[in-house]
1. Skipping prolines and chain starts, which residues have an amide H placed within reach, meaning under 5 Å, of the one on residue 123, given they are 5 or more residues away or on another chain?
2. At 0.36 nm per residue, and after removing the present C-alpha to C-alpha distance, how many nm does the segment from residue 33 to residue 57 gain when stretched out fully?
3. Label region 128-209 by shape, choosing from rounded, prolate and oblate, from the square roots a ≥ b ≥ c of the eigenvalues of the Cα gyration tensor; if a/c is under 1.5 it is rounded, and otherwise prolate applies when a/b is larger than b/c, oblate when it is not.
4. Whole-Hz ³J(HN,Hα) for each residue in region 148-164, computed from phi via Karplus 6.51 cos²θ - 1.76 cosθ + 1.60 with θ = phi - 60°, x for glycine and proline: what do you get?
5. Order of 174, 215, 153 from fewest to most other C-beta atoms within 10 Å?
6. Any idea how far the Cα center of region 133-212 sits from the one of region 218-266, in Å?
7. In region 147-260, what is the volume of the convex hull around the alpha carbon atoms, normalised per residue and reported in Å³?
8. What do the square roots of 5 times the Cα gyration tensor eigenvalues come to for region 156-195, in whole Å, largest first, as semi-axes of the equivalent ellipsoid?
Amino acid sequence: MKKLTPLLCAISLVPVLVFAQEEPVKTRINKVKFGASLSFSYNKPIFKGIDTTTGYSLIPRVNLGPVLKDKNGVGVGVANAYKGPLKFELRPRFGFFNQGYDASDSSALSGMKDRDSSFSLGLKLRSRTPLGTFIVSGAYDVAGRSDGFEGTLMYTNLVPLGASKLRLYPEAGLHYWSRKTSDYYFGVNADETTDIGGTVVRTEYNVDATKNYFLGYSAQYPLTKRWGLTHSLRKTWYDDEILDSPVVDNEKASDLKIMFGLTYDF
């Protein structure tokens with residue numbers, strides 16, 4: 001069943017496509033805009049002995065095509081980038097895959113090697129429909145951490161807030177992580193079964209590909225023409241393959257991630 005997950009993600013978009021007319025989707029990308037996002041994150045992970053983690057990250061931002069803004073100056077899409085009844089947008093996807101842990105943060109992880117966040121590259125397909133927006137994306141680790149694939153199927157929709165500049169997007173979806181990705185972050189290698197003193201503290205464990213469900217929201221608020229604020233909250237419920245791992249807290253089935261960010265567009 002896990003091998004069919006990418007195919008099922010694609011098939012799940014079929015009901016959405018029935019709203020399309022027979023007009024072809026046209027592409028006009030005539031401008032590239034760059035920016036950056038400085039974010040502070042607060043996480044409650046599922047790894048043993050780690051209650052919370054915090055950190056900062058600086059991530060580049062790229063917009064393909066002229067940005068379309070509403071009357072409040074808030075970006076709502078890419079003007080004339082893709083024409084068609086469903087407003088398809090195919091964009092590159094890049095960013096940090098924020099999983100992992102520092103073994104030194106928990107005595108329960110003694111003997112484990114650190115699991116570092118990876119930088120991934122891939123593609124993102126966004127389709128705006130009468131039912132809301134569907135996003136399918138996938139990317140590969142290019143930082144040499146797991147060398148695996150991670151994909152996402154997500155539904156979101158803008159919540160009407162009248163004349164407010166705030167834009168709020170509830171989100172729900174599914175993460176698919178390949179065997180390499182899942183095993184790197186949640187597996188136990190043969191040389192990690194003992195702690196520093198040589199005592200056997202955990203069994204070797206291999207993780208297969210996993211499906212992990214999430215629910216949350218993201219928000220955007222413009223400060224000026226170039227500056228803006230972002231915020232997101234996401235709760236993820238993990239696959240049994242992950243929950244059975246010796247490095248995962250037996251009393252936890254999900255984690256929580258909260259992010260606050262400051263953005264700048266050149």
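Read-outs: derived from the displayed coordinates by stated rules, not from any lab. Small disclaimer: the values here were computed from a predicted structure and weren't measured. Cβ atoms come from the backbone with ideal geometry, glycine included; neighbour counts cover every protein chain shown.
1. Counting only residues 5 or more places away or on other chains, the set is 93, 138.
2. Working: separation 24, 0.36 × 24 = 8.64 nm, distance 2.03 nm.
Difference between extended and current length: 6.6 nm.
3. Working: a/c = 3.77, a/b = 2.69, b/c = 1.40.
In terms of gyration-tensor shape, prolate.
4. x, 10, 9, x, 9, 10, 9, 10, 8, 7, 6, 8, x, 10, x, 7, 5
5. Ascending Cβ contact count within 10 Å gives the list 215, 174, 153.
6. Between the Cα centre of region 133-212 and that of region 218-266, the gap is 11 Å.
7. 147 Å³
8. That gives 43, 12, 6 Å for the three semi-axes.
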